[in-house]
Amino acid sequence: MLINEEFINSKIIDEYKKLLSIRLNEKRYFHSLCVADEAKRLAKAYGADESKAYLAGLLHDVTKNSPVAEHLQIFSTFGIILTDVEKHGEKLWHAISGSAYVKHFLNIEDEDIISAIRYHTTARADMTKLETVLYLADFTSRDRDYDDVDVMRSLVDKSENEALLYALKYTINELLNKGAAIHPDTVSAYNYVVLKGKENEI
Ligand code: DGI
Ligand code: FE
Ligand code: FE
């Protein structure tokens, strides 16, 4: 891959931005640009590939504004079978359809990027560096504004694991308060980080 700055200013990235500006509403398009910048910054701090992080950040919500019919079409075309929790959690669909979209329609072959997009909403146990970077960048990008955003922003600069634990607790709490189902990958991600913390105490 080209060196980071060259890649980020390349025609390829311009083309992706153009596509996103058509597919997404203004707010979501801006969010995507912000997550790309934040993912690049965190990649540098955590030792992940900055260009891959930027691209994964840029494309992570590519199907976020898609109508139900498009998600369903992607699922059936690529043989994706949803679990019950996924069927009833429409907010989870864009991570699943988005990863298939970048793989099959944008011809992105890099499995790191594909899986970072796939798990950017639920997280999962034992995430790769790039998966973690994207998951956290989605919480701390400069467009974000929620109660604990300042805490999250200081945590990502302090400790990857502490930030991850805080983000997972925050999400699980929100879901509990809403009475929503918690995806098993989210539970596994939480358990994994908690147990890893205990191991380090021994
Ligand atoms: O797409 P974004 O808004 O940028 O952020 P995101 O992809 O993290 O999506 C956040 C939404 O996903 C939020 O409304 C909560 C929902 N979500 C996250 N984890 C789970 C979940 N919903 C269910 N049902 N279960 C989960 O484990
Ligand atoms: Fe998302
Ligand atoms: Fe997002």
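The values are calculated or read from the model by the stated rules, or taken from the named source; none is laboratory data. Note that this is a predicted model, so its numbers are computed, not measured. All Cβ positions, even for glycine, are placed from backbone atoms using ideal geometry, and neighbour counts span all protein chains on display.
Within the group E90, E50, E86, which residue is of a type in the set (D, E, K, R), within 12 Å of ligand 1 (Cβ to nearest atom) and crowded, with 16+ Cβ neighbours inside 10 Å? Break it down into steps so the answer makes sense when it comes.
Values: E90 fails: crowded, with 16+ Cβ neighbours inside 10 Å; E50 fails: within 12 Å of ligand 1 (Cβ to nearest atom).
Being of a type in the set (D, E, K, R), within 12 Å of ligand 1 (Cβ to nearest atom) and crowded, with 16+ Cβ neighbours inside 10 Å holds for just one of E90, E50, E86, which is E86.
The residues listed here are D126, D138, D143; of these, the one that is at positive phi and either surrounded by fewer than 21 Cβ atoms within 10 Å (Cβ to Cβ) or modelled with pLDDT of 95 or more (or both) is D126. Within region 45-92, count every residue that is within 16 Å of ligand 3 (Cβ to nearest atom) and part of a loop (DSSP other than H, G, I, E, B). Going through region 45-92 one residue at a time, the tally reaches 8. Checking E15, E70 one by one, the residue that is at pLDDT 95 or above, surrounded by 15 or more Cβ atoms within 10 Å (Cβ to Cβ) and farther than 14 Å from I117 by Cβ is E70 and no other. L20 meets each of the listed conditions (1) part of a helix (DSSP H, G or I); (2) within 13 Å of ligand 3 (Cβ to nearest atom); (3) under 27 Å from K158 (Cα atoms); (4) in contact (Cβ under 8 Å) with a residue 40 or more places away in the chain apart from (3). Just one of the numbered conditions (1) farther than 16 Å from E38 by Cβ; (2) assigned to a loop (DSSP other than H, G, I, E, B) is not true of S188; which one? It is condition (2) that S188 fails.
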